[in-house]
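One structure is given below, encoded as structure tokens.
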Amino acid sequence: MIDQRILRDNPEILRISQRKRGADPAIVDELIALDQDRRSLRSDFEAKRAEQKQLGKKIGPLQRAAKTTQGADREAAQAELQQLLQHAADLSESVKAADAAATELEAQLSQKWLTIDNLVDDASPVGDEDAFTLLETVGTPRDFAAEGFPPQDHLAVGARLGAIDVERAAKVSGSRFFYLLGDGALLELALLNLAMSLASKHGLTPVLPPALVGPEAMSGTGFLGQAAENVYQLPQDDLYLVGTAEVPLAAMHSDEILDEAALPIRYAGYSPCFRREAGSHGKDTRGIIRVHQFDKVEMFVFCTPEQAAAEHERLLGWEKEFLNLLEIPYRVIDVATGDLGASAARKFDIEAWIPTQERYREVTSASNCTSFQARRLKIRYRDSHGTPTPVATLNGTLVAMPRVIVAILENHQNSDGSVDIPSALQPFLGGRSQLTPPESPGAPHGAT
RNA sequence: GGAGGCGUCGCAUAGUGGCCUAGUGCGCCCGCCUGCUAAGCGGGUUGGGGAUUCAUACCCCCUCGAGGGUUCGAAUCCCUCCGCCUCCGCCA
């Protein structure tokens, strides 16, 4: 949510941002009109309410006077009391009507306001998905032709290692699910431990958050707007399955006023992630690149708006450090305004080289959400004037398990079906330097 | 799942229809006093919206877990929901 005062102070900024996102700038004028009407109706209610309160103060004492005095005084008091009560009753109706009218308009405005995406950063490249800016390319893709063998895709490599089983997952849960087993399971745990040790080294607090959250958390992080169709819901319990630990981490400090001295607060949360992948039928149907459930370590930062840009760079730096440790070639892009999502003002994606696809694919993403989420979730700090001010929030992927596993299996595979383990990961895999196919290939684990 | 209890200002507590403009203590902030510190004394201390303003101050409205209701008037009475605690049952 953006500060609504922009409607009065500088609506043109909002119009420009809407245009850059490919959204409708005309809605800004609708919002300005709604905001004006809202304020006028609310003021009307407040004036009536003030009168009602003044009147109410007179009734109590007068009632006592009507009971305790005698004779003519008593009659006068009773008559006045009757008159006041009548007036008060009329006013009461009028106050209720004014309140209802103002409340109705406030609901309309805030509902419409929730459809407005965050103001884009001036630095974000303008345009649709393809308009991204290439910031950097790191590492060199292997030349498999020169090595004399064609690379197998991650599913083939994983199946041979007995590490990935999508067929049985389809039997149990449907398409886009997978089992990690044997070295596949150990590989995820090793990546988890490497990621968490890196996170701890850099001062992030490790977190195991809830993966089921209420509607405020979901909406507050911006996932119930355009992205709602990708969210699993549990209507019986009014809960949602999170698509990322970003949701429970962001909502963790909702309705809080944080101590400025404690900022930035940095977390690294490990959680399962659930995504319906609606509208992506036919995309990435093979393997585990696009799945309904996976695990991820997500970094999350609460800081002052002034610190946000530097924190964004820091998150990107840690993401790069992790991929460097895994010795995977990648490139970094500055995501275009049309592809930012509701909450982000600026976003850097890291795309890893996938040999069998001969292209770079997104593996991590770092977003600066400025105060957009914080305003919805009421997360504030006291600024130098002592005024509660929304914090800035940022998030970045440290490791999304399936895609990183894909990158490792494909980039580090050998012609004999083994996979080299990057040295940084070896301590977390019992010191082994390779994953090797089981002695007796074929159906693993006693399939018949 | 059943029974009962409880949600008040940062914390603790008072408040059972108008005297609540929510009191008191602690903590915190400012000042006074004071070799220093502590104590003592005085003042301040929820958050949001609006009006006004260059910006303040002052002013108005809302805010006693949330939302409805009763009433001229609700922290207080009624209903629904949420959360916490105790006991019983079930459970990894």
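Quick notes on this structure:
- Check: region A:203-263 dipole with +1 on Lys, Arg Cβ and -1 on Asp, Glu Cβ, in debye: 220
- Rounded FRET efficiency, nearest 0.05, which uses the C-beta distance separating A:THR115 from A:LEU325 and R0 of 51 Å: 0.80
- Across the options A:PHE223, A:PRO125, A:ALA89, the greatest Cα extent toward the positive end of the charge dipole of chain A (unit charges at beta carbon of Lys, Arg, Asp, Glu) belongs to A:ALA89.
- Using just its DSSP H runs of length 4 or more, each adding -39500 (n - 2.57), chain A gives a mean residue ellipticity at 222 nm of -13500 deg cm²/dmol after division by all residues.
- Distance between the pseudo-spin-label points of A:LEU135 and A:HIS385 (7 Å out from Cα toward the beta carbon): 3.2 nm.
- In range of the label at A:ASP128: residues from region A:322-343 whose backbone nitrogen is under 14 Å from the point 7 Å along Cα→Cβ: A:336-340
- GNM on chain A, alpha-carbon springs under 10 angstrom: the most fluctuating residue among A:GLN373, A:GLN108, A:GLN78 is A:GLN78.
- Proxy reagent accessibility, fewest Cβ within 10 Å first, across A:GLU358, A:GLU188: A:GLU358, A:GLU188
- Label-to-label distance, nm, for residues given as A:ILE257 and A:LEU212 (7 Å Cα→Cβ offset): 3.5
- 10 Å beta-carbon shell around A:ILE379, net charge (K/R +1, D/E -1): +2
- Per DSSP, loop trypsin sites (Lys or Arg not before Pro) in region A:267-342 with at most 14 further Cβ within 10 Å: A:LYS283, A:ARG286
- Full-stretch length increase - A:GLN236, A:ASP3 - with 0.36 nm per residue and alpha-carbon distance subtracted: 80.5 nm
- Cα centroid separation - region A:50-118 against region A:393-421, whole Å: 68
- Within the listed set A:ALA169, A:ALA89, A:ALA227, the Gaussian network model of chain A (springs between alpha-carbon atoms below 10 Å) gives the highest mean-square fluctuation for A:ALA89.
- Taking region A:129-446 and dividing mean pair separation by its residue count, relative contact order in percent (alpha carbons under 8 Å, at least six apart): 23
- All lysines inside 18 Å of A:LYS20 as judged from Cα atoms, apart from same-chain residues fewer than 8 positions distant: A:LYS347
- Counted residue by residue at 0.36 nm each, then reduced by the alpha carbon distance between them, the extension gain from A:GLU277 to A:ALA76 reaches 64.8 nm.
- Straight-distance crosslink candidates among lysines, where the alpha carbon sits under 24 Å from A:LYS53 and sequence neighbours closer than 8 are dropped: A:LYS67, A:LYS96
- Residue with peak Gaussian network fluctuation, chain A [Cα springs, cutoff 10 Å], from A:ALA211, A:ALA146, A:ALA156: A:ALA146
- Distance in nm between pseudo-label sites at A:GLN226 and A:ALA47 (7 Å out along the Cβ direction from Cα): 4.2
- Set of aspartates and glutamates near A:LYS296 by C-alpha distance (under 15 Å), chain-local residues within fewer than 8 positions excluded: A:GLU188, A:GLU246, A:GLU319, A:GLU362
Here, each number is a calculation from the coordinates, and none is a lab measurement. Note that the coordinates shown come from a computational prediction; the quantities given were computed from them, not determined experimentally. Backbone-built Cβ (ideal geometry, glycine too); neighbour counts: all protein chains shown.
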